[in-house]
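Asks: Mind looking over this structure? Questions follow.
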Amino acid sequence: MSLNSPGRPAGSPLVVLADDLSGAAECAAVLPGCRRILLDPAAPVRPGETPVIDLDSRRRTPAGAARLVAQATGRHAATGARLLKKADSLLRGHLAAETSEFAAGASGLVVAPAVPAAGRTVRDGVVRLHGVPLHHTEAWRAEAGPVPRSVAEALGRADMTVLTLDQVRAGATHLGGSLRSALARGAPVVCDAETDADLDAVAEAVLGLPHTVRMVGAGGLTAALGRRCGPVAPRTGPGRAPAAPRPVVVVVGTAHPGAVAQIAQLTLHGARHSALSAESLLGPGGDGEHPTARARAVLEGAPVSVLSISGTRAVDPSAAPRLARALARSVAAVLPEDADLVLTGGETARHVLDELAVTTLLPVGQVHHGAVHCRTVDGREVVTRPGGFGGPDSLLRMVGALRTDRGRAVQEPYASDGGPR
């Protein structure tokens, strides 16, 4: 896929570098030309391909994340591709370290982390969640560090230029000129955005700049770039068409409070649920039963089963990576070969797929905003979703897609009204 606007010659192919799996899948679902999500950063990219590459850098140290980004950026910049670094819309992860490496050698950097469809906007360079400045919300309650008060603070760049909503909405010619003038001063530019139309304007303006200008953004900017290439058509991949629905295993690795209500919806519809304690996961036998045995018991013979981490005790955020890894191991050890998967939380999803030796996902479509339906090359269905996304019926819809739509595409692109169509 080449990103170009009507009346312009075909542009450079786009390569998206993501910091976690759920974000990678979110981007792949809204790019018409994306046919593969690569979990191996060193995997070869086909000529003209628009891959989304999960660098899995969120769970690394800042130095380790920076090395991964530097290697991938250098490799793909050398091909003449236009590069987008997918960042968390709430500024989590190693944003400063990764962005510093990503910007090295670029002729400019444009940052636009808004995702209006999820209530995540940017005004005056400050990320807002449903209109409330990020640093006045509880969105960072599970993060180890202090919440950044602005995009510039998250990037560690006091010299950033902010293009306000008035500048973004001033028209294509004016916005393009503002971007060129700001980039000429040598500092990164952050663009305010509160609507999809704002992001469309930013995407159009950036595509009018040399491909050596790089972008940092979330799913909203990626979707805007995708809209420059037309609607996302339903995609299919290799799959099996059994006579009866296959079992579905739901793995909930998020600490988001909404997960409790989402699991409750599933159990009301007959799903079997087991919450594994942090104590048993981090030290098997701590609650009297090994987590793998608990996992086996809940999965055995169940059409739909749910495994989560018990929220009865507060867990040190520093233990979250070990919990996600332990949960993934417990699931993978007993997962039936014919089971499909629903995975919430990018780190948990990546751990589960690593345990199953999955290195490529084939995007099919969206169940709802952020919940992305994929297939593995051997035909297992997988739906991933960031931990904090979705309403109370999110998991129910994700499971329903696999139970009723196996072998067919599930497609609900981003809607302009902020919700799925």
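Asks: Suppose each label sits 7 Å from its Cα in the direction of the beta carbon; what would the residue 136-residue 43 distance come out to in nanometres?
Replies: Taking the simple label geometry, residue 136 and residue 43 are separated by 4.3 nm.
Asks: Quick check: residue separation of residue 322 and residue 187 times 0.36 nm, minus the Cα distance between them. What number comes out in nm? List each step's numbers first, then the result.
Replies: Values: separation 135, 0.36 × 135 = 48.60 nm, distance 3.76 nm.
The span from residue 322 to residue 187 would gain 44.8 nm if fully extended.
Asks: Next question, about the same structure. Among 193, 291, 209, pick out the residue whose Cα is farthest towards the positive end of the charge dipole of the chain, where Lys and Arg carry +1 and Asp and Glu carry -1 on C-beta, about the Cα centre.
Replies: Of the candidates, 209 comes out farthest on the positive side.
Asks: So, one more: With axes computed from alpha carbons, what is the tilt in degrees of helix 62-77 against the longest principal axis of the chain, rounded to the nearest 10 within 0 to 90?
Replies: Orientation of helix 62-77: about 60 degrees from the principal axis.
Asks: What does the charge dipole of the stretch 36-82 about its Cα centre add up to, to the nearest 20 debye, if the Cβ of each Lys and Arg holds +1 and the Cβ of each Asp and Glu holds -1?
Replies: It comes to approximately 100 debye.
Asks: Oh, and also: Looking at the stretch 248-404, what % of the alpha carbon pairs are farther apart than 24 Å?
Replies: Cα-Cα pairs in the stretch 248-404 separated by more than 24 Å: 25 percent.
Asks: Tilt of helix 346-355 relative to the longest C-alpha principal axis of the chain, in degrees (0 to 90, nearest 10)?
Replies: 60 degrees
Asks: What is the projected area of the convex hull of the Cα atoms of the stretch 14-227, averaged over all directions, in nm²?
Replies: Seen from a random direction, the Cα hull of the stretch 14-227 projects 10.5 nm² on average.
Asks: Another question about this same structure. Say each of residue 403 and residue 269 gets a label point 7 Å from the Cα, pointing the same way as Cα to Cβ; how far apart are those two points in nm?
Replies: For residue 403 paired with residue 269, the spin-label model returns 0.6 nm.
Asks: Hey, another quick one. Please check: in the Gaussian network model of the chain (C-alpha springs, under 10 Å), which one of 268, 17, 362 has the largest mean-square fluctuation.
Replies: Answer for the Gaussian network model of the chain: 268.
Asks: Suppose each label sits 7 Å from its Cα in the direction of the beta carbon; what would the residue 377-residue 297 distance come out to in nanometres?
Replies: Simple spin-label model gives 3.8 nm for this pair.
Asks: Also: To check you understand DSSP bridge types, tell me what percent of the beta bridges within the chain (both residues inside) are antiparallel, rounded to 5.
Replies: Approximately 35 percent, going by the DSSP bridge assignments.
Asks: How many percent of Cα pairs in the chain exceed 40 Å?
Replies: Above the 40 Å cut-off, the chain has 14 percent of its Cα pairs.
Asks: Follow-up. Quick one: dipole size for the chain, taken about the Cα centre, charges +1 on Lys/Arg Cβ and -1 on Asp/Glu Cβ, in debye to the nearest 20.
Replies: My answer is approximately 640 debye.
Asks: Compute the FRET efficiency between residue 172 and residue 104 as 1/(1 + (r/R0)^6), taking r as their Cβ-Cβ distance and R0 = 25 Å, and round to the nearest 0.05.
Replies: Step by step, r from the Cβ atoms, then E = 0.30.
Asks: Still on this model: Output the relative contact order of the stretch 14-227, whole-number percent, from Cα pairs under 8 angstrom with separation of 6+ residues. Please report the intermediate quantities before stating the final value.
Replies: Details: 437 pairs, mean separation 53.9, N = 214.
Computed value for the stretch 14-227: 25 percent relative contact order.
Asks: Over the chain, what is the relative contact order in percent, taking alpha-carbon pairs closer than 8 angstrom and at least six residues apart?
Replies: 19 percent
Laboratory data are not the source of any read-out in this text; all were calculated from the coordinates shown. Quick caveat, the model's predicted, so the values are computed rather than measured. Please note: Cβ atoms are built from the backbone with ideal geometry, for glycine as well, and neighbour counts cover all protein chains shown.
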